[in-house]
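To start, the structure under review is shown below, and the notes come after it.
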Amino acid sequence: MDNPSGRSPDAILFDLDNTLCTFIDAKFAACRAVTDFLGTGNMEELFQYFLRPVHSFESPQHITDYMKAKGVFSPVAAEHAIRLFEEEKIAHIRPYPGVHHTLKSLASMGIKMAVVTDAASKQARQRLKKCDIDGFFPVLITPDRSGKRKPDHTPFQMALKELNASGTIWLVGDSIRREVIPGQQLGFLTIYARYGDYFMHSNPECTPDHTIDQFSELLFVTGLIRHIPDHQVPNR
């Protein structure tokens, strides 16, 4: 955890998955449910299919491809597997420890907040509602709204326009490539949520302005608190 910035932001842009909520863990749980249903393979093997560049990270086509490779594909089984995957994924979505308290504290300071995510609008809203944090974010920017995915600057600029925000802007996210680098290019103060970075080994060289290992450390960065209690540990 780095030293506090000493100045509160006018607005904060947040990534959603693996920053506000535990997405990768939920995805593993969903993969396990599907492979248990199919009776073949394992969750790690199916998860690797979602990392392929042939479809988007959330495309159900990965499940169809996996079933065909395993020789267990049928339209009926695929429909059930895809539905099961989505049900299990949303059931296992959780906010990180300290998210509710921290967001409430930031909102009480009058800080404007938005979510900028690569998830589709419907899925992003489901996750925000599941975590009971949708009320903190009057602005939600998704690729189906902006027409672009991070690290393109367009989604971030669209968020600021809809927030009607300027001045000191913070950007909080778990990806160096998709959040920290474009944030620095746009002149934001960047906060790297290291606790949620499942793909840390693939990050390019970059130095964020601040690095946090639990969400509540944002209050330390703002200067609202001077230290994080020892009993609060990262959710990793």
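The requirement of being surrounded by 17 or more Cβ atoms within 10 Å (Cβ to Cβ), under 18 Å from the mean Cα position of the chain (by Cα) and not in a loop (DSSP other than H, G, I, E, B) is fulfilled somewhere in the stretch 38-48, by at least one residue. Is it fair to say F14 is modelled with pLDDT under 95 and either under 30 Å from I169 (Cα atoms) or acidic (D, E) (or both)? Answer is no for this residue. Residues satisfying the criterion are present in the stretch 67-79 (criterion: buried (at least 17 other Cβ atoms within 10 Å of the Cβ) and in a helix (DSSP H, G or I)). Could you say whether any residue in the stretch 112-120 is in the same structural domain as T168 (by TED's automatic domain parsing) and without any contact (Cβ under 8 Å) to a residue 24 or more places away in the chain? Among the residues of the stretch 112-120, not one is in the same structural domain as T168 (by TED's automatic domain parsing) and without any contact (Cβ under 8 Å) to a residue 24 or more places away in the chain, which makes the answer no. For the stretch 90-113, the candidate set comprises residues that are touching an Asp or Glu at 6+ places or on another chain (Cβ under 9 Å) and in a helix (DSSP H, G or I); within that set, the residue that is surrounded by the most Cβ atoms within 10 Å (Cβ to Cβ) is T102. The set of residues in the stretch 171-219 being closer than 12 Å to T19 by Cβ and in a strand (DSSP E or B) consists of L171, V172, G173, I191, Y192, A193, I212.
Looking at (1) surrounded by fewer than 20 Cβ atoms within 10 Å (Cβ to Cβ); (2) assigned to a helix (DSSP H, G or I), which one does D132 not meet, given that it meets all the others? Of (1) surrounded by fewer than 20 Cβ atoms within 10 Å (Cβ to Cβ); (2) assigned to a helix (DSSP H, G or I), only one is false for D132: (2).
The values are calculated or read from the model by the stated rules, or taken from the named source; none is laboratory data. Bear in mind the structure is a predicted one, so any value in this text is a computation, not a measurement. Using ideal geometry, Cβ is built from the backbone for each residue, glycine included, and neighbour counts are taken over all protein chains shown.
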